[in-house]
Amino acid sequence: MGQFPIARTTAPKQKPADDQLAFGKVMTDHMFLMNYEEGKGWHNPRIEPYGPLTLDPATSVLHYGQAIFDGLKAFRGDDGQIRLFRAQRHAERFNRSAQLMCMPELPVDIIRQSFDALVGVDADWVPRKAGTSLYLRPTIIATDVMLGVHPAHSLLYFLILSPVGSYYKEGVKPVRILASDKHVRAVKGGTGEAKTAANYAQSLAGQVDAAAAGYTQVLYLDGVHRKYLDEVGTMNIMLRIDDEIITPPLSGTILDGVTRASTLQLMRDWGLKVSERPITIDEVMEAGRHGRLREMWGTGTAAVVSPVGTLGYKGEDILINNGETGELTQRLYDAIVGIQYGRTNDPHNWTTIVPPAA
Ligand code: COI
């Protein structure tokens with residue numbers, strides 16, 4: 001597709017200070033847009049000043065939620081280079097979400113070119129402070145204007161950018177997680193594997209209940225037996241019982257997390273025993289009661305590697321590693337972040353350098 005037309009803003013915004021960054025509160029100066037029409041395919045890629053979208057009130061995404069997104073990050077390294085972490089895998093997952101939500105896929109090289117082009121244009125927005133990054137949010141929405149329920153014939157791809165700090169207000173300190181015996185996130189045959197808007201809308205009620213009970217997030221159990229660990233909604237879950245590292249398998253109900261895959265790869269590289277296997281909440285609580293639940297952490301693009309200090313379930317709280325970040329959790333965090341900022345060797349070539357904008 002080559003170079004994209006760029007309309008630069010005439011009113012650049014004031015950038016927030018790096019130490020004021022939370023998650024996703026501020027957007028950069030530009031956005032990438034591209035349209036799809038049945039019969040014409042994806043067309044009209046362009047970069048424009050960031051601004052509101054105009055949508056007819058009958059636009060189908062507003063009613064039936066046919067929307068997908070992904071999330072990846074760009075990091076400014078100590079060498080001044082800007083690196084994307086696992087852009088290829090994120091682009092492929094975005095297309096997997098598109099398939100699951102009956103949307104036309106976008107060529108992976110166009111998705112990747114849109115990442116590079118927009119980050120290049122807004123390169124000054126990539127923050128500098130340790131722990132900060134530029135979050136990329138590629139999204140596709142259904143734009144048919146009509147109230148029938150059917151896969152859309154017209155869609156909009158847009159990419160927006162946001163300079164971010166930690167996802168959780170705790171920063172990288174251990175969070176409190178509630179395993180819910182009330183709310184479920186997904187069942188096999190549903191949309192649990194897709195990064196689709198609806199999965200996040202339906203997670204709100206559980207999140208509100210968890211917050212009211214003093215927890216940061218919900219750990220969802222499977223929707224059928226209500227006993228196997230699934231995921232947290234904003235992150236995949238991993239734990240260490242004795243010397244076995246366990247994470248739920250990709251069964252169609254959980255997200256195929258990029259940080260999940262990356263940390264599993266690193267732990268295998270390090271020769272650790274890693275099991276992707278079903279695990280029940282009873283097994284986890286029992287291990288916790290006997291001091292065998294040595295560590296627990298979540299993985300996600302936004303959450304990075306996030307230690308879990310307390311696990312609650314049915315009125316019982318298990319304090320994990322005295323509420324402190326575990327040794328393996330810290331090692332994984334340091335290894336992932338080291339690769340992302342280009343401080344350490346990148347043995348699997350997960351990062352790519354963003355070329356400067358023309
Ligand atoms: C991410 O980690 O990129 C996510 O999409 C999680 C959340 C902020 C929705």
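The values are calculated or read from the model by the stated rules, or taken from the named source; none is laboratory data. What you are looking at is a predicted structure, and each value in this text was computed from that prediction instead of being measured. Glycine also receives a Cβ, built like all others from the backbone with ideal geometry; neighbour counts cover every protein chain displayed. When the accessible area is computed, the model is the full protein with side chains, heavy atoms only, and any ligands, DNA or RNA have been set aside. Shrake-Rupley method; radii C 1.70, N 1.55, O 1.52, S 1.80 Å.
General observations
- Strands (runs of 3 or more DSSP E) lying entirely in region 296-358 (those with 3 or more residues that are touching a residue at least 40 places away in the same chain (Cβ under 8 Å) and on the phi < 0 side of the Ramachandran plot): 304-313, 351-353
- Residue within region 109-116 that is in contact with a strand residue (DSSP E or B) (Cβ under 9 Å, 6 or more places away or on another chain) and not in a helix (DSSP H, G or I) present: no
- Exactly one residue out of 336, 320 is away from the ligand (no atom under 15 Å from the Cβ) and open to solvent by less than 20 Å² (accessible area, probe 1.4 Å), and it is 320.
- Scanning region 228-244 for residues that are in a strand (DSSP E or B), crowded, with 22+ Cβ neighbours inside 10 Å and aliphatic (A, V, I, L, M) turns up 229, 237, 238, 239.
- Residues satisfying the stated conditions in region 113-142, i.e. under 19 Å from residue 36 (Cα atoms), over 17 Å from the mean Cα position of the chain (by Cα) and open to solvent by 30 Å² or more (accessible area, probe 1.4 Å): 113
- Scanning region 213-227 for residues that are open to solvent by 70 Å² or more (accessible area, probe 1.4 Å) and not charged (D, E, K, R) yields 224, 225.
- Residues of region 145-162 that are within 30 Å of residue 116 (Cβ to Cβ) and open to solvent by less than 60 Å² (accessible area, probe 1.4 Å): 152, 154, 155, 156, 157, 158, 159, 160, 161, 162.
- Per the conditions (1) within 18 Å of residue 320 (Cβ to Cβ); (2) touching a strand residue (DSSP E or B) at 6+ places or on another chain (Cβ under 9 Å), the sole criterion not satisfied by residue 291 is (2).
- Candidates 331, 260 - the one that is within 16 Å of the ligand (Cβ to nearest atom) and either within 13 Å of residue 246 (Cα to Cα) or of a type in the set (D, E, K, R) (or both): 260
- Within region 60-70, tally of residues that are buried (at least 20 other Cβ atoms within 10 Å of the Cβ), farther than 11 Å from residue 198 by Cα and away from the ligand (no atom under 16 Å from the Cβ): 1
- Options 274, 284: the member that is open to solvent by less than 30 Å² (accessible area, probe 1.4 Å), over 19 Å from the mean Cα position of the chain (by Cα) and closer than 17 Å to residue 179 by Cβ: 284
- All positions within region 144-176 that are of a type in the set (Val, Ile, Thr) and in a strand (DSSP E or B): 145, 160, 164, 175
- Residues of region 177-212 satisfying the condition of being touching a strand residue (DSSP E or B) at 6+ places or on another chain (Cβ under 9 Å), assigned to a loop (DSSP other than H, G, I, E, B) and open to solvent by 40 Å² or more (accessible area, probe 1.4 Å): 202
- Pairing each residue of region 99-117 that is at pLDDT 95 or above with any residue that is in a helix (DSSP H, G or I), provided the two are 6+ apart or on different chains, yields C-beta distances under 6 Å for 105/95; 105/98; 108/91; 111/91; 112/87; 112/91; 115/87.
- Residue in region 281-307 that is nearest to residue 209 (Cα to Cα), counting only those that are away from the ligand (no atom under 16 Å from the Cβ) and hydrophobic (A, V, I, L, M, F, W, C): 281
- Whichever residue in region 48-82 is part of a strand (DSSP E or B) and small (Gly, Ala, Ser) and, among such residues, is nearest to residue 354 (Cα to Cα): 74
- Hey, residue 45 in contact with a strand residue (DSSP E or B) (Cβ under 8 Å, 6 or more places away or on another chain), touching a residue at least 60 places away in the same chain (Cβ under 8 Å) and not in a loop (DSSP other than H, G, I, E, B) or not: yes
- Scanning region 307-314 turns up at least one residue that is more than 18 Å from residue 233 (Cα to Cα) and either crowded, with 16+ Cβ neighbours inside 10 Å or of a type outside the set (Ser, Thr, Tyr) (or both).
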